[in-house]
Amino acid sequence: MVELLDVSNLSISFTQYVQGLQQRELKVISDLSLDVNEGEVVAILGSSGSGKSLLAHAILGILPENAACSGDISFKGKVLTEEDKKEIRGKSICLIPQSVNYLDPLMKVSQQAIGKTKDEEDYKHKKSHQREVFLKYGLDESVDNMYPFELSGGMARKVLLSTALLSNPELLVADEPTPGLDDKSVEETINDIKKLAEEGKGVLLITHDIEVAIRTANRIAIFYSGYVIEINQAENFKNADTLMHPYSKALIDSLPDNGFKLTEGTQPLNDNKGCIYYKNCLLRKDICKDTKPSLHKIGDSKVRCHLYNGGLDDET
């Protein structure tokens, strides 16, 4: 497999003012590492508001100015600078945003999909390409003359997807593509994303919907309080016994089909010197309280847990 995206030890924090002019650093993402290969869908799964979308913004180079970012983001083997991200954004790497609000409410769909044109010949070429891509996803010519507010939820998702594909990108970042959709539209979105991978594109799917992640992705990375704590094959998330991290197991056990077996506790808002899951973990050891576990490779999977660290030096 050809590796398209490699995120290595990415951390993102923001400066906050508290009690007047005093400042503090709020770390939202810590030591995040994952990769996406050509022809693969990798889902990053986490609760709403946990900072998952910031990963997408970091990859595309659109973080707000008060964000501090460390670690490396590589595309096709090259570590990207902010200038590199600006250059390939919307070309080799494209975002499928989560909201129709990314569309200009005052412009018709085809106008903003086509963008600026040099002359009439350029317009005809871009218009023909836009129609070809839109038709591929079931959007007929009537959609071209619609304004965003006239689109249904499913149509809006397809417009956002089709617009992202106009530049024929190699990597797509799909940020929460299914919330608010009816079952039919969710099914269509899942099929559309899987089809992109079948065509050789890499897809990073950011979601809080575990069912969508399992049905769509090849691999799933579990995001917990700013850390990736496990990366495993999607099929292994169908049964808690085939997972490694205690949180991943608890997550699967809490699903309705598995009897709503809930674990007490909430995700901590602040980082600590030990394992981020320490207070909620039923299998915690003394080392977990004061020592952070690294993300270790176990076969084809990875886990951030001291239960699996014994004698292993293969850290990422």
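Every number here is computed from the coordinates shown, using simple stated rules; none is lab data. All of these numbers come straight from a predicted model, not from anything done at the bench. In this analysis, Cβ positions are derived from the backbone assuming ideal geometry, glycine residues included, and neighbour counts consider all displayed protein chains.
Laid out as a table, the results:
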| item | result |
| --- | --- |
| Sorted peptide list for 292-300, 203-211, criterion being average Cβ within 10 angstrom, highest first | 203-211, 292-300 |
| ³J(HN,Hα), Karplus 6.51/-1.76/1.60, whole Hz, each residue of region 288-303, x for Gly, Pro | 5, 6, 10, 10, 6, x, 8, 7, 9, 8, 10, x, 8, 10, 9, 8 |
| Packing-based order for 95-104, 163-172, using average beta carbon neighbours within 10 Å, highest first | 163-172, 95-104 |
| Glu87 paired with Ser48, simple spin-label distance in nm, labels 7 Å along Cα-to-beta-carbon | 4.0 |
| Cα shape, region 1-151, gyration tensor, a/c 1.5 rule | prolate |
| Orphan Cys of the chain, criterion: no other Cys C-beta under 4.7 Å | Cys69, Cys94, Cys281, Cys305 |
| Residue of Tyr147, Tyr247, Tyr277 that the Gaussian network model of the chain assigns the largest fluctuation, springs spanning Cα pairs under 10 Å | Tyr147 |
| Two-site FRET efficiency, Lys279 against Glu65, from Cβ-Cβ distance with R₀ of 41 Å, rounded to 0.05 | 0.75 |
| Region 103-168, Cα convex hull volume normalised per residue, Å³ | 80 |
| Additional length obtainable on full extension of the chain from Leu106 to Leu255, 0.36 nm per residue less Cα span | 49.4 nm |
| Order of Lys52, Lys127 - criterion: other Cβ atoms within 10 Å of each residue's Cβ, fewest first | Lys127, Lys52 |
| Calculated diffusion of region 28-87, Stokes-Einstein form, Kirkwood radius summed over Cα pairs, 4 °C and 1.567 mPa s, µm²/s | 101 |
| Hull-based mean projected area of the chain, where the convex hull spans the alpha carbons, in square nanometres | 18.9 |
| Pair-distance profile P(r), taking every C-alpha pair of region 129-241, with 10 angstrom steps and integer % | 12, 43, 31, 11, 3, 0 |
| Asn270-Asn9 FRET efficiency (beta carbon distance; Förster radius 22 Å; 0.05 resolution) | 0.65 |
| Peptides ranked, highest mean first, by Cβ atoms within 10 Å: ranges 58-71, 26-39, 182-195, 110-123 | 26-39, 182-195, 58-71, 110-123 |
| Net lengthening on full extension, Glu38/Tyr123 (0.36 nm per residue, minus Cα-Cα) | 27.5 nm |
| Helix 120-136 vs. the chain, principal-axis angle (Cα, 0 to 90°, nearest 10) | 50 |
| Gain in span if fully extended, Ser167 to Asp290, counting 0.36 nm per residue against the direct Cα distance | 39.5 nm |
| Neighbour-count order for Ile229, Ile88, fewest beta carbons within 10 angstrom listed first | Ile88, Ile229 |
